[in-house]
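Trainee: The structure is given below, and queries will be raised subsequently.
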Amino acid sequence: MGRAAMRVVVVEDQALLREGMVALLAENEIEVVAQAGDGPGLLRIVDGHKPDLAICDVRLPPTFTDEGIRAALEARRRHPDLAVLVLSAYVEPVYTAELLAAGQSGVGYLLKERVSEVRTFVDSVKRVAGGGTALDREVVSALIADRNRSGDGAELAALTPRERETLELIAQGRTNAAIAREMVVTLGAVEKHVSNIFTKLNLPAGDDDHRRVLAVLAYLRATGGQ
Amino acid sequence: MTDHRPEINLRSVVRGAAFVPSLVLLAALVVIWAATGAGYFWPRWPALGLAIPTALWFAVRRARLRYTGATRWYATQAGVSVVLVCTCVAVWWFSGDSFFWPVFPFVALSALLALNPLAFRPGQRKLELRVDELTRTRSGALDVQASELRRIERDLHDGAQARLVALSMQLGRAEERLADHPDTAALVRQAREEATAAIRELRDLARGIAPPVLADRGLVAAVESLATRSTIDVEVVGQLDHRLPPVVEAAAYFVVAESLTNVAKHAPGASAVVTLHLDGAMLVVEIADNGPGGANTAGGGLTGLKQRVEALDGRLEVHSVAREGTVVWAVLPCE
């Protein structure tokens, strides 16, 4: 069957969403080894099942505030190899900062509704489980807006609209192939955009996808803001 | 700016210190009296002289501290009357008169007290009770409203929005299975995109009612989130080391939100600085921009904010000078 050996746990208090997500992942050959409905449950199943990836909602019982973020950060502290994909009904810069501060490999932060873009979502799940990054486009545009306003927006202004679009997709954690698919251009065109961006922003050229994401994120976050 | 009155305590310390020379003076007089043969105990008269202003001061101070408004004058009158009657009794006692003449000033002062129009205004007491009651119920109503808004926000996220997410997820799965029927797949995709748009609208609505980050992480994080979302450059200066009451946090948040919206609307090229700090038990919020100034300070949005702040016994002021920018300043008590 060629089934990936990826082991995932899903933590979501709304049964409807949790079951839908488990079914969606199963259809895409991702095995959900355990499920839970609250913060303590997340820690319990992570400790018990040692999964590769935990997908969790930000707002969970018992507090219904940011239990999910706190539990995910705690789980990652206990198991540094655990990848964490946080889903939320809303995007907040303070959560982005906290998640990225916990290490930039194997971290994802997406709006809940992205789950409905099945192929992109499954890509994100696989990428994060493999140590990559998946940031919601809203998170990325907030980072870019911050960087833009922080005085040295001149470098960003030097990018062409296509390069800027490419930059956003890189920051979201996408691979060249995924960027080419999204922008409906050839792989070669994407590579050209990428090399232009790295030259214009004075970034160290990264050969692998993940290092490239880190360089772009470090650039975007190198502001006084979040 | 704030009307705390620490100077009353300071003054009472000063007055307390003023008693010491009086006591020293009296002790000296008693020594002189003893040294001169300890005859008629005349130092009682200077003692009485010193005691009268002290007693008057205590009577006035008590009235000032315990009562407000018109009652304060009545309490002052009553206190002064008591001191005067006591003085008369002391003079009668010291002078050894047989006829108890202080009964006349007593009757006269009582009559004056009784004639005070306040004594005939039972409505005054009733009004005060009503003000107390209104103050209490208003703050209760505001607390209830704040927690109701948070409940509505939570219900939107966990109810309607969760269902829409589940719906869009199912549509997404259906779309994947319709790879062989592109027309139907396009229809399903449109439906999914509609659902996603509805989710986004609900999210904006929920944020306008009670931003979740405000409940989760407090005022500074929520204001920083506003700053990030704003189309103008916003710097947030502020550190609050503890959480404030939910109503105060919400009022301060919406003051900042509305002010930043105004700056973005009327001075799109400007930048703004938001300052948050605690001054005693008061939260001070200031939003200053370097726009063209000259804002209409009687605008609808600002009036709404002013009412919101004043409902919490706070104050909101807008200073807008042409070519010097606009400052919105609010102070909110947070006990």
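We did not get these values from a lab; they are worked out from the coordinates using the rules stated. Quick caveat: nothing in here was measured; it's all calculated off a predicted structure. Don't worry about glycine lacking a Cβ; one is built from the backbone with ideal geometry, like all the others, and counts go over all protein chains shown.
Trainee: Any chance you could list P(r) for segment B:131-209, counting all Cα-Cα pairs in 5 angstrom bins from zero, rounded to whole %?
Mentor: Reading upward from the zero bin: 3, 15, 17, 13, 11, 10, 8, 6, 5, 4, 3, 2, 2, 1, 0.
Trainee: So, one more: Once both axes come from the Cα atoms, what is the angle between helix B:212-229 and the longest principal axis of chain B, in degrees from 0 to 90, rounded to 10?
Mentor: Once rounded, one gets 70 degrees.
Trainee: Partner chain Cβ atoms within 10 Å, averaged over the residues of B:221-230 - can you pull that number for me?
Mentor: Numbers: counts 6, 2, 0, 6, 8, 0, 5, 12, 6, 2.
Mean partner shielding for this stretch: 5.
Trainee: Would you kindly calculate the mean projected area, averaged across all directions, of the convex hull enclosing the Cα atoms of segment A:59-113, in square nanometres?
Mentor: On the way: hull surface 14.5 nm².
Taking the Cα atoms of segment A:59-113, their convex hull projects to 3.6 nm² on average.
Trainee: Express the C-alpha Rg of the protein assembly as shown as a ratio against the empirical globular expectation 2.2 N^0.38 Å, rounded to two decimals. Walk me through the intermediate numbers first.
Mentor: Details: Rg = 35.6 Å, N = 561, 2.2 N^0.38 = 24.4 Å.
Expressed relative to 2.2 N^0.38 Å, the Cα Rg reads 1.46.
Trainee: Now for a separate question. Which aspartates and glutamates, on any chain, are close to residue A:50 with Cα under 12 Å apart, when same-chain ones fewer than 8 places away are left out?
Mentor: Once the sequence-local aspartates and glutamates are set aside, what remains near residue A:50 is A:81.
Trainee: Cβ neighbours within 10 Å, averaged per peptide: list B:34-46, A:96-108 in order, most packed at the top.
Mentor: On the way: B:34-46: 11.2, A:96-108: 19.2.
With the highest mean Cβ count within 10 Å placed first, the list reads A:96-108, B:34-46.
Trainee: List the lysines whose Cα lies under 26 Å from the Cα of residue B:265, skipping any in the same chain that are fewer than 8 positions away.
Mentor: Those lysines meeting the cut-off are B:306.
Trainee: So, one more: Considering every residue in B:212-218, what mean count of other chain Cβ atoms within 10 Å of its Cβ is obtained?
Mentor: On the way: counts 9, 8, 0, 4, 12, 6, 1.
Other-chain Cβ atoms within 10 Å of each residue's Cβ, averaged: 6.
Trainee: In 5 Å bins starting at zero, report the fraction of Cα pairs in segment A:1-110 per bin as a rounded %.
Mentor: In whole percents, the pair-distance histogram is 2, 13, 25, 26, 20, 11, 2, 1, 0.
Trainee: Note down the Stokes-Einstein diffusion coefficient of chain A in µm²/s, whole number, using a Kirkwood radius over alpha carbon pairs, 25 °C, and 0.890 mPa s.
Mentor: Estimated diffusion coefficient is 137 µm²/s.
Trainee: Calculated FRET efficiency, residue B:124 and residue B:158, Cβ-Cβ r, R0 45 Å, to nearest 0.05?
Mentor: Details: r = 51 Å, r/R0 = 1.13.
Efficiency at R0 = 45 Å is approximately 0.30.
Trainee: Among all the aspartates and glutamates, which ones have a C-alpha under 17 Å from residue A:192's C-alpha, if same-chain residues fewer than 8 places away are not counted?
Mentor: Qualifying aspartates and glutamates at Cα under 17 Å: A:163, A:165, A:168, A:182, A:207, A:208, A:209.
Trainee: Averaged across the residues of A:82-89, what count of C-beta atoms belonging to other chains lies within 10 Å of each residue's C-beta? Before the final figure, lay out the partial values.
Mentor: Numbers: counts 0, 0, 0, 0, 0, 1, 2, 11.
Across the residues of A:82-89, the mean count of other-chain Cβ atoms within 10 Å is 2.
Trainee: Could you line up B:95, A:88, B:22 from fewest to most neighbouring Cβ atoms inside 10 Å?
Mentor: Working: B:95 9, A:88 22, B:22 16.
Ascending number of Cβ neighbours within 10 Å: B:95, B:22, A:88.
Trainee: Hey, another quick one. Largest first, please: the extent of the C-alpha atoms of chain B along each principal axis, to the nearest Å.
Mentor: 125, 43, 36
Trainee: GNM, chain B, Cα, under 10 Å: largest mean-square fluctuation among B:190, B:307, B:77?
Mentor: So, out of B:190, B:307, B:77, the one fluctuating most is B:190.
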